[in-house]
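Please read the structure below before turning to the comments.
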Amino acid sequence: MSLVNLLKKTCRKTLFTTPSHAQGFFIFHKLRNFYKYDISETEAHDPETALSKAESKATKIYGTKSTSFLTNGSTSGIIGAVLSCVNSGEKVLLWKNAHPCHLNAVKLAGGIPVFYDLEKIEEWDIYDKTTPEIIEKYLKDRGIKAVLVTSPSYEGIVSPIREIKKVCEKYGAYLIVDEAHGALYPFSENLPKSSVRLRRQLQ
Ligand SMILES: Cc1ncc(COP(=O)(O)O)c(C=O)c1O
């Protein structure tokens, strides 16, 4: 059974468990219907098959080798990525104003944070993109194990990931791209390329 069908099947008239909106019963705005699909684990026994089917579909959509849904938002993805690349005592390059989960992930791995700064686009009062030049300046002589880049930024600034990846490869550093704000990129040709797609083109 697909995940969507599983969720449809578990829509109940009366719900005695969480969530406390009771699948929209206590919601009074026009999005009420969406809440029907918000269920607790007690209503979906044994959802493994539906979830793994949905993950396989997502693998095709995103063009990844494999896809695992996160149960704790982008934070858990960033933490997982950093923990899998960085050992205790190794240096990680990260943006000074990145989401706090970047630094927390480095701390959890026992890594040493090295911070880079970005220029501001004064007209908009927002930070500019990360460039390969900025990254190379740090990778040259500091023995950095992994680089964390946010692209797109919250404001939609996209960094040249293809070029940044080449610099990371040159110095043998892992590149972790936080694409929390780019999840919709694979769905339109009019949007920038997802960094996952760029990775495939580079191989
Ligand atoms: C760029 C970026 N990365 C990571 C996160 C963390 O996301 P979550 O709250 O889903 O853990 C956020 C949240 O706003 C974010 O903007």
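The values are calculated or read from the model by the stated rules, or taken from the named source; none is laboratory data. All values derive from a computational prediction rather than experimental measurement. Here the Cβ is made from the backbone with ideal geometry for all residues, glycine too, and neighbour counts use every protein chain on show.
Of the residues contained in region 155-173, none is found to be closer than 13 Å to L94 by Cα, within 16 Å of the ligand (Cβ to nearest atom) and of a type in the set (S, T, N, Q).
Taking the numbered list (1) assigned by TED's automatic domain parsing to the domain that holds K140; (2) within 16 Å of the ligand (Cβ to nearest atom) in turn, D117 passes all entries but (2).
Taken over region 64-104, the residue count meeting the criterion of being farther than 19 Å from L139 by Cα, more than 16 Å from the ligand (Cβ to nearest atom) and exposed (fewer than 13 other Cβ atoms within 10 Å of the Cβ) is 3.
Checked against the criterion of being touching a strand residue (DSSP E or B) at 6+ places or on another chain (Cβ under 9 Å), crowded, with 18+ Cβ neighbours inside 10 Å and touching a residue at least 60 places away in the same chain (Cβ under 8 Å), region 123-145 contains one or more residues that satisfy it.
Given the criterion farther than 18 Å from K60 by Cβ and either modelled with pLDDT under 95 or in contact with a helix residue (DSSP H, G or I) (Cβ under 6 Å, 6 or more places away or on another chain) (or both), identify the matching residue among V158, V167.
Working: V158 fails: either modelled with pLDDT under 95 or in contact with a helix residue (DSSP H, G or I) (Cβ under 6 Å, 6 or more places away or on another chain) (or both).
Going through V158, V167 in turn, the sole match is V167.
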